[in-house]
Amino acid sequence: MRKNYVGLALSALLFALSFPVDAQEPKKVHRIGYLSTQAPATESTRSEAIRLALRDLGYIEGQNIAIEYRYAEEKRDRFAELAAELVRLKVDIIIVAGGSGSIRTAKNATKTIPIVMSGSGLDPVEAGLVESLARPGGNVTGFTDLSGHLGGKRLELLKEAVPKVARVAILYQANNPRNTFEFKEVLPVSARALRLTIQRREVRDADDFERVFAAINKERPDGLYVPGDPLMNVNQKRTIGFALESRLPSMYSNREAVEAGGLMSYGADIADSYRRVAYYVDRILKGAKPADLPVEQPTKFELVINLKTAKQIGLTMPQSMLYRAARVIK
């Protein structure tokens, strides 16, 4: 009888010891929505960098996070539909890779799911997306790159690289609120100080580029500035090819354009920007509320120069600029 009792007790003990191992609850897999205005190929640099930044914080796709990617591919009418789809999937967070209008569309789709801005667009306070940078107050927070505020600095750098520049053509997407702000509040002041004439040329769609290129050639500017709006990003190769063919020194807002053949870019340090987006995702998944997480502005900026392009258009870059550049492509 005693032997049976000891045997049963031993079996129960072994079962109890093994039970927690066998019955461990599976790790929670957080679902993250990634919502972009662009096409997968155009967006891949940013989305992959954010994914790697999340990995550095311990979030590994397929293990403890699942990322639902949705791309509007420049079709604005699809964006609201894709945002609603992510809401129906009950994702834990939506990362919006797009401007102020895209963030507003996502915000209209949900008042409860946290939305993390990845840097684009107008000042979020001016755009009415948050109550203040220090206390966003709603379900939107994240990183704002101030790109529209940097237009004056870009003109200044273009003038420094090519002192003879007197006329700068600006190629931009029509009906983009960020461009409206830059043209009204930023560029005129800098242009006057630098004694530059700005020649604005707007593009309405992909079929409009050749007409605008022809118009710019007739005006014979000394330089080209291309803001980083969605239409320009998608047609980046075309604008770069035009600048090279016309031997125009070109300034962009993003380093990807310079890596693809543009002459120069100036903007927020993109690697740091991606790390900050991952930081917000981490904080929110650990319980922080977007309303209490201050919106961050960039503290690191980078000048990128393509010397191969400079040589191709017959330009010698000042040595002082090369020393200051975060990256020089040779």
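The values are calculated or read from the model by the stated rules, or taken from the named source; none is laboratory data. Note that the structure is a prediction, hence the values are computed from the model and not measured. Glycine gets a Cβ as well: all are built from the backbone with ideal geometry, and neighbour counts include every protein chain shown. SASA here: full protein model, heavy atoms, side chains in, ligands and nucleic acids out. Shrake-Rupley method; radii C 1.70, N 1.55, O 1.52, S 1.80 Å.
Once the other residues with Cβ under 11 Å from the Cβ of Glu219 are scored (Lys, Arg +1; Asp, Glu -1), what is the net sum? Once positives and negatives cancel, what remains is +4. 3J(HN,Hα) along region 263-278, derived from phi through the Karplus expression 6.51 cos²θ - 1.76 cosθ + 1.60 where θ = phi - 60°, amounts to 7, 9, 8, 9, x, 4, 4, 5, 5, 5, 4, 5, 4, 5, 4, 4 Hz, with x in place of Gly and Pro. Helix 76-88: angle to the longest alpha-carbon principal axis of the chain, degrees 0 to 90, nearest 10? With rounding to tens, the tilt is 10 degrees.
Amide hydrogen proximity for Ile65: with H placed 1.01 Å from N in the peptide plane, the residues at 5 or more positions away or on another chain lying under 5 Å are His30, Ile60. Surface composition of region 96-230: carbon plus sulfur atoms hold 48% of the accessible area, using a 1.4 angstrom probe and ignoring ligands, DNA and RNA. Angle check, please: helix 2-22 long axis (alpha carbons) against the longest principal axis of the chain (alpha carbons), in degrees 0 to 90, nearest 10. Roughly 10 degrees, rounded to the nearest 10. When Rg and Dmax are taken over the Cα atoms of the chain, they come to 25.0, 106 Å.
In terms of its alpha-carbon gyration tensor, region 140-271 comes out rounded; the largest-to-smallest axis ratio a/c stays below the 1.5 threshold. A Gaussian network model of the chain, with springs between Cα atoms under 10 Å, assigns the largest mean-square fluctuation among Tyr280, Tyr252, Tyr71 to Tyr71. Counting only aspartates and glutamates at least 8 places from Lys289 when in the same chain, those with an alpha carbon closer than 18 Å to its own are Asp92, Glu131.
Suppose all protein chains stay in the model; what accessible area per residue would a 1.4 Å probe give for the chain, in Å²?
Accessible area per residue, the chain: 50 Å².
Counting only residues at least eight positions apart within a chain, or on another chain, the lysines with an alpha carbon under 24 Å from that of Lys159 are Lys184, Lys218, Lys237, Lys300, Lys308, Lys311, Lys330.
Helix content alone sets the calculated 222 nm mean residue ellipticity of the chain: runs of n ≥ 4 DSSP H residues at -39500 (n - 2.57) each, divided across all residues, give -13000 deg cm²/dmol.
The trypsin sites (Lys or Arg not before Pro) of region 31-138 meeting both criteria, a DSSP state outside H, G, I, E and B (loop) and at most 16 other C-beta atoms within 10 angstrom of the site's C-beta, are Lys75, Lys90, Lys111.
In order along region 108-113, phi translates into HN-Hα couplings of 5, 7, 7, 9, 10, 6 Hz, rounded to whole numbers, per the Karplus curve 6.51 cos²θ - 1.76 cosθ + 1.60 with θ = phi - 60° and x for Gly and Pro.
Dipole magnitude for the chain: computed about the Cα centre from +1 point charges on Lys and Arg Cβ and -1 point charges on Asp and Glu Cβ, it is near 420 debye.
Count Lys and Arg as plus one, Asp and Glu as minus one, and take only other residues whose Cβ is under 11 Å from that of Ala97; the net charge is then +1.
The relative contact order of the chain comes to 17 percent, based on Cα pairs under 8 Å that sit 6 or more residues apart. Computed from backbone phi with θ = phi - 60° and the Karplus coefficients 6.51, -1.76 and 1.60, the 3J(HN,Hα) list for region 95-103 is 8, 9, 9, x, x, 4, x, 5, 5 Hz; x is used for glycine and proline. Considering only Tyr274, Ile103, Gly138, whose Cα is most displaced toward the positive end of the charge dipole of the chain, charges sitting on Cβ of Lys, Arg (+1) and Asp, Glu (-1)? Looking along the dipole axis, the top candidate is Tyr274.
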